[in-house]
Amino acid sequence: MNREVSRTRHRLGCRFAATLLLGSVAIGIQVSGCSYDDPCAAKLVGCPLGVGGNGGTGGDGGGGGIVPPPAGCDPEIAEGGVDEGCGVFVAANGRGGADGTKTEPLKSINEAIELAVSGGSKRVYLCATDEDEPFDEAVTVPAGVTLYGGLNCSANWELDRTSKTHLTAPQRDVPLRLNASNGTVRILDLHVKAKPIVIDFDDPDYAENYGKSSIAAIADGGSGEVENGSVEFVRCTLEADEAAPGAPGVPFTSGSQRAAQGQDGSAGNKACTAALVPANAPPQNDCGTPDDPSDDSIGGTGGSGTAAQAGAGSAGSPGETENLNGGTRGTGTCGDGRLGRNGEDGGPGANASGKGKLSSDGYTGSAGEDGKPGTPGQGGGGGAGARGGSGACPAGSPGTGGASGGSGGAGGCGGKGGKGGGPGGASIALVSIHAKLSFQEVQLIAKAGGTGGGGAAGQAGGLGGESGPGGEGPTTMSTGCIGGIGGNGGNGGTGGKGGDGHSLGIAYVGTPPPSEGVTIDAQGNDETVKFDDP
């Protein structure tokens, strides 16, 4: 390039930038340090207020404003390629730790951004790449930085309008994050593609992919409590691939596949062992917390025996007032305890509802609810006791009471509810959180969202305990009656289905995106969806 032409270009670039930002005030300012040997418009170092972006100059107060580049630094109008001192250069065949010049480009976009910010230019120039040989790194761009893609490295870094710089990132990573809070980020001539989220059962860590989203870019404009940041896309394609399905509800695996079984009933005591032969304590099946007996199942107590009469057995619980299943006493024979009532099955969990949540971390769907637990079975009724008498007991017996009845078996515990299915991931080309977006010749592509996971079946209810035998007596005396069998616990309900993931061109919080300058190709019914502020 002619040295005089280059010198003139740099002088004009500096004066143009200063004039843009300072207006009429700039007329009285002597711009120093803007010679050909030290071009401030390219380096943005040592220039007067308003020319550079360092330290919040240029009118934004936070270092995030973008100064229009001089002609030699704008690939669209630069003659013979971008000038050497305009920023930091990146090529697929570059190397880490390089100078970042046209002849010694860097290999990492992130490394180039750090160098461009620390050096003051805040401009990064990227070689065009083939689609099957993209840059493969998750890139974060701070406010004030511009990425220029689509440059022909073999043609002095001229803009190739038929090519793009392709960018992707490892699975589950977002390839492009734009932190534009209180500033501006510009992206030109990039094709950003998020990878599909694959469930590979041969991978021991496959479960970590359940419910993960494929998101090409996230534009974070700040909290919304301060001025929103701006993100500008020019001639870009943002493409999200297929998202992962939601995790299936976790089957109940703790302990037995059935809930706790009821204990067998206690045996009655022998006749003629006391004036009043008591029944033994019935079993208690603790189906919840130890200090909460409301969900326990207890067998009915057996009836006692005396010389004059026999006691009736009591009903088992829960449900002792609805199902009087204790054995009845009689004058000659006693009544056995009856079967405990089975517990009720738990209801199913509700399927997921709502559209999920959106944040600067991405998308989180809604899981299905867990199924409801079954209720415990009623304890079996206690068997009635037998009548004794002095003539029936052997001489020398400790007492003349009849045999006591056996207690009922405890009911089985109710099964636990099945776990709800996890949410499917979303396929979203662009997530915007309080960002002011602008598009020029931009295409957004989204593939299929993940299907929500199905809920797991509930745990089977526990079986009821067996009846307790009645107490024994002499051949001339009746034995105590047996208790009833405990009822089975109800089965746990099935978990609800997780929510299906979206397929969206834009998912946003806050400022609505414009419809001009962009085309959207998504597989869902909605191309753009607003989410509540996280």
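At a glance:
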quantity: Check on Ala194, within 19 Å of Gly246 (Cα to Cα), surrounded by fewer than 24 Cβ atoms within 10 Å (Cβ to Cβ) and not β-branched (Val, Ile, Thr); calculated: no
quantity: Selected residue (criterion: farthest from Gly72 (Cα to Cα)) from residues of the range 94-120 that are in contact (Cβ under 8 Å) with a residue 40 or more places away in the chain and out of contact with any helix residue (DSSP H, G or I) (no Cβ under 6 Å at 6 or more places or on another chain); calculated: Ile109
quantity: Residue under evaluation Phe439, criteria (1) surrounded by 24 or more Cβ atoms within 10 Å (Cβ to Cβ); (2) outside any loop (DSSP other than H, G, I, E, B), criterion not met; calculated: (1)
quantity: Condition met for Ala274 (surrounded by fewer than 22 Cβ atoms within 10 Å (Cβ to Cβ), in the same structural domain as Gly356 (by TED's automatic domain parsing) and of a type in the set (A, V, I, L, M)); calculated: yes
quantity: Any hit, the range 351-362, residues being in contact with a Phe, Trp or Tyr (Cβ under 8 Å, 6 or more places away or on another chain) and either part of a loop (DSSP other than H, G, I, E, B) or within 28 Å of Ala403 (Cα to Cα) (or both); calculated: yes
quantity: Val124 vs. criteria surrounded by fewer than 23 Cβ atoms within 10 Å (Cβ to Cβ), under 27 Å from Asn228 (Cα atoms), modelled with pLDDT of 95 or more and assigned by TED's automatic domain parsing to the domain that holds Ile197; calculated: no
quantity: Count of residues meeting criterion [without any contact (Cβ under 8 Å) to a residue 12 or more places away in the chain and farther than 30 Å from Cys86 by Cα] in the range 154-207; calculated: 7
quantity: Qualifying residue in the range 152-169 (condition: basic (Lys, Arg), within 27 Å of Ala244 (Cα to Cα) and modelled with pLDDT of 95 or more); calculated: no
quantity: Selected residue (only one of Thr451, Thr494, Thr475 is free of Cβ contacts under 8 Å to residues at least 60 places away in the same chain and over 30 Å from Arg235 (Cβ atoms)); calculated: Thr475
quantity: Output for the range 93-117, where each listed residue is under 35 Å from the mean Cα position of the chain (by Cα) and under 12 Å from Phe135 (Cα atoms); calculated: Lys107, Ser108, Ile109, Asn110
quantity: Complete set of residues in the range 154-187 that are touching a Ser or Thr at 6+ places or on another chain (Cβ under 7 Å), over 14 Å from Ala429 (Cα atoms) and part of a strand (DSSP E or B); calculated: Thr165, His166, Asn179, Thr184, Arg186
quantity: Single residue of Gly496, Gly468, Gly483 found to be assigned to a loop (DSSP other than H, G, I, E, B) and closer than 21 Å to Gly346 by Cβ; calculated: Gly496
quantity: Leading residue by the ranking (modelled with the lowest pLDDT) among those in the range 101-121 that are crowded, with 22+ Cβ neighbours inside 10 Å and in a loop (DSSP other than H, G, I, E, B); calculated: Ser121
quantity: Which listed residue is in a loop (DSSP other than H, G, I, E, B), surrounded by fewer than 23 Cβ atoms within 10 Å (Cβ to Cβ) and not hydroxyl-bearing (Ser, Thr, Tyr), from Gly303, Gly347; calculated: Gly347
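The values are calculated or read from the model by the stated rules, or taken from the named source; none is laboratory data. None of these values were measured; they are calculated from a predicted model. Here the Cβ is made from the backbone with ideal geometry for all residues, glycine too, and neighbour counts use every protein chain on show.
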